[in-house]
Every structure is written in C-alpha cells, then in structure tokens.
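Novice: Just dropping this structure here.
The values are calculated or read from the model by the stated rules, or taken from the named source; none is laboratory data. Nothing here was measured: the structure is a model prediction, and the numbers come from that model. In this analysis, Cβ positions are derived from the backbone assuming ideal geometry, glycine residues included, and neighbour counts consider all displayed protein chains.
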Amino acid sequence: MKITHIKSHHLSHSLEKPFESASMTFTSREHLLLEILCDNGLIGWGECLGNPIVNAAYIKAMTPLLIGKNALDIEPIWLHLYHTFRDQGQRGATLNAISGIDIALWDLAGKFHQCPIQQLMGGAFRQRIPAYATGGFRMIGEDRITSLLTEIAEYKQAGFEAVKIKIGFGVALDVASIRAVREFLGDDIELMIDANHGYDHIDAARVANQVADCDIAWFEEPVVPEALSSYHKLRTSQSIPLAGGETWHSRWGINEALKQNTVDILQPDVCGVGGLSEARKILTLCDVHGVRCVPHVWGTSVALAASLHFHAIIPPSPTSPGSASPRFEFDQTHNPFRASIVKQPFTLDNGCLNVPTGHGLGIEIVRDELEKYAAKTPS
Ligand code: NI
Ligand code: CA
C-alpha cells in the first residue's frame, strides 16, 4: 500500500460571537485536516492541532519524504519524519504535522486490516467514554457570570455529568465565577477549571485556595507550560489536583515534565503530541510516573475519532474494579463543521461518547462540507 498523494484541508468559519480564554481570542474556528491517498485506492484522514497555515506548510515540506512509502510502515515513517526535522524543532508545529500524518496512517492501517484502530493498537479497555463539556469561555461584551450560568444550564440540560470552565481573568472574578457555577451545578456534577496558563504560581495558588471547598476535579494549565518548577511549587501550595500537557510534545517533552513532578493528570493531545503512535508511548510514561492520563481534545470529528480510539486503550488507573474511566473532553463552543464533516457525528449518549466501531478511525468524511468551509487563504 504505497502513498501516492497527501492533501491538506484548511477549514475556517468566522464566529458571529467571538470568545476568549486567558491566552487567546477566538474570532474564527480554524482546523487542518489532511488525507493520505494510496495506490490501492484507500484514503486515510488525520488532523493537526494548532495553526492550519503553519501545519499545512510543514505537511507540504514532509510530503516528499512520504510519497512512495508503504503506509503500513507507521513507526519507521514516524522516526524518519522526526529525525529529518529534529534540528528545526522537537516540538510545536513539527510534532503537530507528524501527529496528523500518523493519525492518517493508522486510519489507513485500520482500513487495510479491516478493523478499528483501537483493536490494532492492542485492544479497548472500554467502548463508552464518559464525557465532559468544555466551555465557559469569556464571551466578549457580555456579563461574565450571567453568560457563564446561561451556558452551563445548557450542559446540565444536555445530560453532561461534568463541566470544565475557563478562568484566568483575574483572581476575584474567577473565584466568584467558580463559586457561582458550583452553586448552580449542585454536588452531583463534576467541575474542572482551566486557566489556559493565564496565571503565575502565586495567583494560581490564591485562586485554588479560595475555592478549595468547591470540589474541583482538576486545575488545568495554571501557569505557562515552560514553567515546570512553578507547576511543582503549585502542587505543594494548594490541594486541587493539577492537570496539563496539551502543549508538551513527544515522549521527551512529556518525560521531562513528569520527571519534575508537575501534574497529577497528564493531558496529551493525539493531534499534537505526535499522533497515536506517540500517545501510546506516553501511556507507558504515565504508568511509570504514577500519573493519570486524561487526554486533551480540540478539533473536528477527525480529532474526536482519533481521541476516542486513544481513550479506549488507556489502561485503568488504578487497576481495580472501582477505577473510573478518564473523561472525554467534548468541546461545546460554536463550530459548525465540527460534526457536519462526517456522515455520523459524535453525539452524547447518556453522558458518554461511544468509540467508533468501523474500520480505521471509523468515520466517513462528507466532502461537500470540506468545500463549504474551505479557507479562502491558500493552504
Ligand atoms: Ni456560525
Ligand atoms: Ca485546556
């Protein structure tokens, strides 16, 4: 099964209502999909986390290294790409591009062997993944707490058993927001907070200590990802479990973070960490370091499918009958093509998402939708 073509698809949609996290303002939704075509007619789909223009440029640069290769040689291809681009960067866009390519190769392998990716990767520990809603961004021009509670009410109504909100907008406002949401949700719905690295460890500890009685399941990205020692300080200065890792790349980047005792919960993203091949290796690191793996997910149905297969193969931690499944991050912010680009979109089923059972990723792409949302900028 030789690779003949690689094509990138930059999808874009301008947001009618822009929103912001502590680290960026979203005025549009932008995602990069790629397809790898083979000489036997099979096509594999992948997705890259991060800026589509940058990712598409890397994929274009990597394409000559892929044409003519056997698509089933997933590990040799991974290492060849990584080694060739090592001197330009062992993280960031290099790894985002490799991630998308690696996912597309696993999709091809599944289609070739006629089985779901999770089965090829060693088999599923679970077929249903309990989801949590990601939302609670700051809507520009709206009262923070009023708009937050209106949004959270929708998640409660939809049957979510867990919700993650954004913070990082100032200690006093964040504490008031968290308290209002916890009071609104009651005791039965899990609540997580994500600062998108908007704090230093001093203010992060202030927020955490003031909401210590709010039963927060985790505090995500309290500080910038480079500040490994700040993560470590924060673990000793407050009691909420710390989570992070969506921008730590590859086995080497993540091992460095885990060696420095930064987090209780690691959040690798299959579309950024190095694809499914690298994500599987990171499960071993989590096991060795005694850290839970609860992946980060942000993208279209391609990213959702790849992440569902990854969730399926995460070993239970701890290995006991009472061990809960890691929760699946299900972004609920406005994105018209998140679901429309596949024939059978992922929907909440009693608070859970089901792992696709078809061959490869187990999705069918709707090409009309890719064309409809194709970015006007060349990619
Ligand atoms: Ni819209
Ligand atoms: Ca996050």
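Novice: From the residues in segment 342-362 that are at negative phi and more than 18 Å from the chain's Cα centre (by Cα), which one is surrounded by the most Cβ atoms within 10 Å (Cβ to Cβ)? First the steps, then the outcome.
Specialist: Of segment 342-362, the ones at negative phi are 342-349, 352-359, 361.
Filter once more, so that each one left must be more than 18 Å from the chain's Cα centre (by Cα): 342-344, 349, 357-359.
Values: 342: 23, 343: 10, 344: 12, 349: 11, 357: 11, 358: 16, 359: 20.
Only one residue tops the list, namely 342.
Novice: Which residue is nearest to ligand 1 (Cβ to nearest atom), if the candidates are limited to segment 9-30 and must be in contact (Cβ under 8 Å) with a residue 40 or more places away in the chain and of a type in the set (Ser, Thr, Tyr)? If you could, list the steps in order and put the result at the bottom.
Specialist: So the first thing to find is which residues in segment 9-30 are in contact (Cβ under 8 Å) with a residue 40 or more places away in the chain, and the list is 9-13, 15-26, 29-30.
Subsequent filtering for residues that are of a type in the set (Ser, Thr, Tyr) retains 12, 21, 23, 25.
Numbers: 12: 11, 21: 19, 23: 22, 25: 16 Å.
Checking each candidate, the answer is 12.
Novice: On to the next question. If you check 195, 243, which single one turns out to be out of contact with any Leu (no Cβ under 6 Å at 6 or more places or on another chain), without any contact (Cβ under 8 Å) to a residue 60 or more places away in the chain, outside the structural domain of residue 93 (by TED's automatic domain parsing) and buried (at least 22 other Cβ atoms within 10 Å of the Cβ)?
Specialist: On the way: 195 fails: without any contact (Cβ under 8 Å) to a residue 60 or more places away in the chain.
Sole residue among the options that is out of contact with any Leu (no Cβ under 6 Å at 6 or more places or on another chain), without any contact (Cβ under 8 Å) to a residue 60 or more places away in the chain, outside the structural domain of residue 93 (by TED's automatic domain parsing) and buried (at least 22 other Cβ atoms within 10 Å of the Cβ): 243.
Novice: Under 6 Å by Cβ, and 6 or more places apart or on different chains, what pairs join a residue from segment 246-275 that is not assigned by TED's automatic domain parsing to the domain that holds residue 313 with one that is crowded, with 17+ Cβ neighbours inside 10 Å and assigned to a helix (DSSP H, G or I)?
Specialist: none
Novice: Related question: For residue 328, are the conditions met, namely being over 21 Å from residue 130 (Cα atoms), surrounded by 13 or more Cβ atoms within 10 Å (Cβ to Cβ) and either in contact with a His (Cβ under 7 Å, 6 or more places away or on another chain) or without any contact (Cβ under 8 Å) to a residue 40 or more places away in the chain (or both)? Don't jump to the end; show me each part of the working.
Specialist: Details: over 21 Å from residue 130 (Cα atoms): no; surrounded by 13 or more Cβ atoms within 10 Å (Cβ to Cβ): yes; either in contact with a His (Cβ under 7 Å, 6 or more places away or on another chain) or without any contact (Cβ under 8 Å) to a residue 40 or more places away in the chain (or both): yes.
Considered against the rule, which asks whether it is over 21 Å from residue 130 (Cα atoms), surrounded by 13 or more Cβ atoms within 10 Å (Cβ to Cβ) and either in contact with a His (Cβ under 7 Å, 6 or more places away or on another chain) or without any contact (Cβ under 8 Å) to a residue 40 or more places away in the chain (or both), residue 328 comes out as no.
Novice: Which pairs turn up if I take residues in segment 56-81 that are crowded, with 20+ Cβ neighbours inside 10 Å and look for partners that are among the acidic types (Asp, Glu) and not in a helix (DSSP H, G or I) with beta carbon separation below 8 Å, at least 6 apart in sequence or on another chain?
Specialist: none
Novice: Test residue 86 against the criterion of being basic (Lys, Arg) and either in contact with a Ser or Thr (Cβ under 7 Å, 6 or more places away or on another chain) or within 16 Å of ligand 2 (Cβ to nearest atom) (or both), and give yes or no. Explain how you work it out, then say what you get.
Specialist: Values: basic (Lys, Arg): yes; either in contact with a Ser or Thr (Cβ under 7 Å, 6 or more places away or on another chain) or within 16 Å of ligand 2 (Cβ to nearest atom) (or both): no.
So residue 86 fails the test.
So that you can scan it fast, the table gives a plain yes or no per residue for (1) farther than 20 Å from residue 92 by Cα; (2) modelled with pLDDT under 95; (3) not in a helix (DSSP H, G or I):
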residue	(1), (2), (3)
258	no, no, no
263	yes, no, yes
269	no, no, yes
272	no, no, yes
276	no, no, no
279	no, no, no
282	no, no, no
288	yes, no, no
296	no, no, yes
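Novice: I'm trying to understand the selection: among the residues of segment 136-181, which are free of Cβ contacts under 8 Å to residues at least 12 places away in the same chain and under 23 Å from residue 223 (Cβ atoms)?
Specialist: Within segment 136-181, 170, 172 qualify.
Novice: Kindly establish whether residue 226 is within 29 Å of residue 275 (Cβ to Cβ) and away from ligand 2 (no atom under 13 Å from the Cβ).
Specialist: Yes: the conditions hold for residue 226.
Each row is one residue, and each column tells you yes or no for (1) within 19 Å of the chain's Cα centre (by Cα); (2) basic (Lys, Arg).
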{"site": "150", "(1), (2)": "no, no"}
{"site": "156", "(1), (2)": "no, yes"}
{"site": "178", "(1), (2)": "no, no"}
{"site": "194", "(1), (2)": "yes, no"}
{"site": "208", "(1), (2)": "no, no"}
{"site": "230", "(1), (2)": "no, no"}
{"site": "240", "(1), (2)": "no, no"}
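Novice: Within segment 339-373, can you find the residues that are under 14 Å from residue 304 (Cβ atoms), within 16 Å of ligand 1 (Cβ to nearest atom) and either without any contact (Cβ under 8 Å) to a residue 40 or more places away in the chain or in contact with a Lys or Arg (Cβ under 6 Å, 6 or more places away or on another chain) (or both)?
Specialist: 339, 340
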